[in-house]
1. Across bins of 5 angstrom width beginning at 0, how are the C-alpha pair distances of segment 70-142 distributed, in whole percent?
2. Which whole number in µm²/s is D for the chain by Stokes-Einstein, with the Kirkwood Rh taken over Cα pairs at 4 °C and 1.567 mPa s?
3. Of the lysine pairs in segment 202-299, how many meet both conditions: Cα atoms under 27 Å apart, and a spacing of 8 or more in sequence or different chains?
4. For the chain, what % of the accessible area comes from carbon and sulfur atoms, probe 1.4 Å?
5. Give me the percent relative contact order of the chain, please, defined on Cα pairs under 8 angstrom at least 6 residues apart.
6. For the chain, what are the DSSP H helices with axial Cα length of 18 Å or more and mean Kyte-Doolittle hydropathy of at least -1.0?
7. Just how large is the dipole of the chain about the Cα centre, in debye to the nearest 20, putting +1 at every Lys and Arg Cβ and -1 at every Asp and Glu Cβ?
8. Rounded to the nearest 20 debye, what is the charge dipole size of segment 1-115 about its Cα centre when +1 sits on each Lys and Arg Cβ and -1 on each Asp and Glu Cβ?
Amino acid sequence: MPAGASSKNAGFACFGIPSELLSDLKRNSIEEIISLVEMRNKGLESLLKMCGKTNIDYFPYGSFELFTNKEKKLFKACEDKLHHLNQILHPLFKKKVYEINNESISKFGFKNVENIIKNKFEGQIDTGKMITRLLYLVRKLHVTILNGTDVQDFIDTSNSCEVILKNGFKFETKQLIVATNGFAKSLLPNLEIAPARAQVLITKPIKKLRITGTFHLEEGFYYFRNINSRILIGGGRNLDFKEETTTKLATTTLIQNKLSELLKETILPDTKFEIDYRWAGIMGVGSSKKPLIGRHSTHVAYGIRMGGMGVAIGSLIGKEISDLFD
């Protein structure tokens, strides 16, 4: 089975919450923000068209940014700029993207949440079904897939590229593409990319679950969603950035306890729940949210640094990389 970032992904079909975009606007131009959102939105459209919405359980429930009673200042900043954000994104969506939706607080049963901003254009997918569908489409093209095969190094030659596997096996190829995102540093050490671990847990099924949609807390550092009758929640990298800058696929007590605490105190305050699974995935990040796409040499190219948006932009990046070899 594949075991990369996509198979660990939480399944958010999103392009940006208000607090994230406002933070980005402090460091980037309006044109750059529009370009970033457009790329994410087009990437999602490409993925849905390629895989088929029903095949990957795509549900356009919308997304919600939650602001707790400790984040009044942050909400006010977002509220003041909401019209501005909607104006910026209007050319892409032709409608208002963000709106205050405080009636959802009691509807979903949240506690310690004072304000909510909704985005009706976002949704969720089942990444397990996405992987299954993509494997099916690739195999239809008679492509051989070797999962669990670690590439240790590669050597450029004048006519091809020699790929060296961890088990000592070698083979030659005319074209090599590095698309291992957060793991790419071991093969391309000179590129500006770092691993960023994201930890996740999921509950056992909950009877009469009231929560439907994708949700973000604390400027996106925490995120949760329903999947069937369960709640999946992830994040917490901000609790220990240094420790979470790793490719080690493991969970930590610090972050897992925080995720459980958020479930108990904010998300499911009046509902009994049990944790079913815990896991971690590795993202690829850098000083810029723009992905890195280019040639390393005549025979080697790369498409990495998805910035936590691999589901949204992955299909577009794949097309851009393939075009480099046309």
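The values are calculated or read from the model by the stated rules, or taken from the named source; none is laboratory data. Everything numeric in this text was worked out from a predicted model, so none of it was measured. Backbone-built Cβ (ideal geometry, glycine too); neighbour counts: all protein chains shown. For accessibility, only protein heavy atoms count, side chains too; no ligands or nucleic acids. Shrake-Rupley method; radii C 1.70, N 1.55, O 1.52, S 1.80 Å.
1. 3, 13, 15, 15, 13, 11, 11, 8, 6, 4, 2, 0
2. Using the Kirkwood radius from Cα pairs, D works out to 62 µm²/s.
3. Number of lysine pairs found: 20.
4. Working: 8900 of 17190 Å².
Of the solvent-accessible surface of the chain, carbon and sulfur hold 52 percent.
5. Numbers: 594 pairs, mean separation 76.5, N = 326.
The normalised contact order for the chain reaches 23 percent.
6. Values: long enough: 30-51 (32 Å, 0.34); 72-93 (30 Å, -0.34); 127-140 (20 Å, 0.15); 310-323 (20 Å, 0.69).
Qualifying helices, which must be both long enough and hydrophobic enough, are 30-51, 72-93, 127-140, 310-323.
7. Working: 46 positive and 35 negative charges, 172 e Å.
Dipole of the chain, to the nearest 20 debye: 820 debye.
8. Details: 17 positive and 14 negative charges, 23 e Å.
Computed charge dipole of segment 1-115: roughly 100 debye.
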